[in-house]
Amino acid sequence: MGDLAILRFMYIKYFDLRLISFRRKDFNKMKIYFYFSFLNINSECKIFEGFNFTKLSTFKFAGTVSYSLNTCPLIFSFYDLYFLEFYGLSNTFIKTNILGFQSIQNTSHLYKIKGLNFYIYKADLTTQLFEYNLLNNIESITIQGIWKSADKNLFSMFKSQIVYIVIEDIPSVFNDGGDWLSSFKLMSNLTEFLEVRLEIFPSTYTFPNDDFCFYVNVPNNRNFLLSVFLDEYLVDFKCTCTMILFFGTYYNLLNTSFKFKKNSYSSWQFDSLTEKGCFNKTFIESCHIDSRRQKCKIYDKKTFFSRNKIIEDSQHIDFVSSIISEIISIVGLLTNILNMLVLFPTSKNLQIKKEMSKILYKLMLSNSLINFVYYLINIFHIMNKCVEANGILCPKIYFNILVQYFDIYFVEFFGSILKLWSGLTFIGISITRLDLISSNKLKNKEKSIKVILIIFFILTFSLNLDKLFNLVVNRDYYFLTTDTDEEAEFPMRNTFFSNMEVNNINLASNIIYSGLISKIFYSLFVINFVLNDIIYFFILTFFDLALWKKLIDQIKEKRILLKRMSLDSNISKAENIEIRVTIVLFFNAFFLFVFRGLHFGINIYLFIIKSRSVSSKENLCVNYGKICTNYHEAAELFNLLSNSYNVILFYFLNNNFKILLKKLFKK
């Protein structure tokens with residue numbers, strides 16, 4: 001093994017405390033990563049003597065590792081570690097993965113860990129997580145993410161020198177007014193201070209006075225020193241009243257003999273505040289801190305632009321749409337089976353071939369068959385749905401290579417073709433209906449229609465060939481983060497970008513294609529979008545309205561004719577037909593317009609996002625591809641809805657279909 005060796009383990013069910021595999025001298029620089037495993041032991045949590053400390057560089061537990069609240073900390077005994085890292089700690093609806101350690105007294109001497117990192121999202125900071133004996137000898141702790149709450153005595157026993165907190169925006173971890181900082185020990189002497197370093201990216205926060213109440217409970221008499229890196233090249237750094245609250249400990253130390261450690265973060269922070277005049281007595285008095293405090297009865301919970309919040313919202317949408325999509329697919333499958341039972345040329349429906357237009361019959365049957373296959377594929381598409389790895393909805397086979405190929409070839413490629421064919425046949429049904437009640441010009445043009453349809457079908461294959469290339473099977477299972485981060489997709493999506501000026505770029509891990517190839521894929525994406533969402537949307541809406549108007553006009557003409565002939569009973573029937581047709585067409589047009597409109601609206605939004613510069617943070621499809629995928633899947637939900645009730649349309653708008661359907665249910 002070399003000095004920088006990395007050893008990766010997957011599917012570990014438990015750890016054996018007696019295991020000596022890593023306790024060798026030649027593993028002193030090894031990094032050991034764990035994925036898709038369980039942090040458990042297979043025996044009693046007790047000390048096994050006779051081991052010497054073995055140096056290892058790093059233990060990393062990926063976000064796909066399952067934790068428990070009763071983890072045995074002795075797993076890490078007798079290791080001299082530079083870093084111990086835990087990813088994927090979360091306590092949300094989407095993912096609950098909470099870590100806690102058993103408290104085993106007088107075991108601090110068994111651990112030698114220099115740095116401990118927690119990657120956390122909306123979990124609680126508890127004394128179980130920050131177990132005193134395990135952390136007693138640690139030099140630094142890093143908490144990356146946001147948390148719900150912190151135990152009152154969380155930091156009271158800490159002996160580590162530095163606590164790093166890495167976040168997107170500072171107020172997100174101060175929704176309790178900073179009360180969590182009261183868990184540090186009271187200031188008893190001027191030597192035992194812990195550095196609490198807040199790191200934000202980008203570092204453009206200016207502590208505006210509007211955020212004063214976020215920090216109203218930050219104590220100034222505890223043994224911590226807060227420091228924040230602010231990039232003065234990006235922001236105009238000025239003193240604010242909010243800073244007096246946030247950096248209260250520094251103000252409290254002004255008239256003491258305390259000396260900052262040379263080259264420490266707190267020393268830099270103190271010098272920066274002093275240089276800017278933030279300790280000026282006149283400035284402090286002008287802030288009227290006490291009166292401002294009294295006005296802070298309720299913490300103003302602002303909404304910040306947060307990558308984490310955007311991803312979490314998209315995950316909730318993905319979860320709901322995945323469940324509803326499965327239900328709609330089953331309903332759509334059954335309704336289209338019903339259509340085919342009625343429309344297939346058997347002894348049950350010979351009448352339909354004699355009385356209906358052959359073109360209309362074939363289009364209705366084709367539409368039902370296409371929808372049947374489309375819904376069948378979507379039922380199995382649940383295999384490819386993973387809201388979050390190790391979370392509430394993520395099948396174990398999601399990462400399987402064959403399942404990824406199913407997504408590429410059946411769901412994306414063949415599914416997109418079927419969606420276009422379904423739309424074309426539905427347009428054909430609308431045109432044929434309109435022709436039947438008007439000029440009947442299509443009666444002897446079946447061959448021409450076949451040629452047109454064949455051309456369209458070939459075209460749809462060609463337009464979707466790009467999906468076989470820009471969706472790529474992902475064989476890299478070694479991703480660390482999952483929750484609200486750039487989670488890997490299986491298969492990889494959004495692998496090209498739209499910026500026509502850049503020929504080679506590597507801004508995100510999902511970007512594979514650039515230059516001319518990327519432009520070709522983007523062009524095909526635009527054409528597909530125009531066909532599926534713009535042309536189809538407006539053509540179908542136009543023919544629905546034209547059909548509705550033509551039917552109403554014909555019924556009115558018939559009613560006028562019956563009045564002239566003084567056939568009152570027939571007039572009443574004509575009026576009933578007019579009302580029924582009007583209601584059916586209105587509701588059909590309304591629901592289809594709503595469903596297609598929502599599908600169109602979401603895809604327009606995604607189209608705009610994809611069209612933005614790759615260097616822009618607003619191009620979510622490049623920077624956070626999973627968000628783009630989640631919204632795309634939600635849009636497809638409305639497409640599924642729009643095709644799920646064609647049996648109702650056939651029933652109310654075609655008398656022969658109605659007769660045969662009733663006969664089918666009578667048998």
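Any read-out appearing in this document is the output of simple, stated calculations on the displayed coordinates, not a laboratory observation. All figures in this text were calculated on a predicted structure; none of them were measured in a lab. Cβ sites come from the backbone with ideal geometry, for glycine too, and all protein chains shown count toward neighbours.
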message: Multiplying the sequence separation of Phe590 and His288 by 0.36 nm and subtracting their Cα-Cα distance, what value in nm do you get?
response: 102.8 nm
statement: Interchain or sequence-distant (5+) residues whose placed amide H lies within less than 5 Å of the amide H of Thr54 are Tyr79, Asp80
field: Efficiency of FRET from Cβ geometry, Val166 and Glu192, R₀ 35 Å, rounded to 0.05
entry: 0.90
Unit Cα scatterers, Debye sum, the range 6-294: log10 I(q)/I(0) for q = 0.13 Å⁻¹: -0.93
- line: 1/(1 + (r/R0)^6) with r = Cβ-Cβ of Ile382 and Ile12, R0 = 22 Å, i.e. FRET efficiency to nearest 0.05, evaluates to 0.20
statement: Once amide hydrogens are built 1.01 Å from N within the peptide plane, the residues lying 5 or more places from Arg8 or on another chain with amide H under 5 Å from its amide H are Tyr33
- prompt: By per-residue mean of other Cβ atoms within 10 Å, what is the highest-first order of 206-214, 311-319?
  reply: 311-319, 206-214
task: Would you mind checking the pairs Lys152/Lys309; Lys60/Lys467; Lys46/Lys626; Lys112/Lys385; Lys112/Lys238 and listing those with alpha carbons more than 32 angstrom apart?
output: Lys60/Lys467; Lys46/Lys626; Lys112/Lys385; Lys112/Lys238
task: Report the local net charge at Thr126: Lys and Arg +1, Asp and Glu -1, summed over other residues whose C-beta lies under 13 Å from its C-beta.
output: -1
message: Suppose a student asked you for the relative contact order of the range 6-294, using Cα pairs under 8 Å spaced at least 6 residues apart; what percent would you report?
response: 10
task: Could I have the simple spin-label model distance between Ile659 and Phe461, label points 7 Å from Cα toward Cβ, reported in nm to one decimal?
output: 3.9
By average C-beta atoms within 10 angstrom, highest first, the peptides 629-635, 104-110: 629-635, 104-110
Segments 383-389, 84-90 sorted - mean Cβ within 10 Å per residue, highest first: 84-90, 383-389
The range 209-261, Rg to Rh (Cα coordinates; Rh as Kirkwood inverse mean 1/r): 0.99
message: Between Asn70 and Asn106, what is 0.36 nm times their sequence separation minus the Cα-Cα distance? Round to one decimal in nm.
response: 11.2 nm
query: If the chain between Asn221 and Ile535 were fully stretched, how many nm would it gain, using 0.36 nm times the residue separation less the Cα-Cα distance?
result: 106.3 nm
task: Extending each Cα 7 Å along its Cβ direction at Asp80 and Phe469, get the distance between those two points in nm, one decimal.
output: 5.5
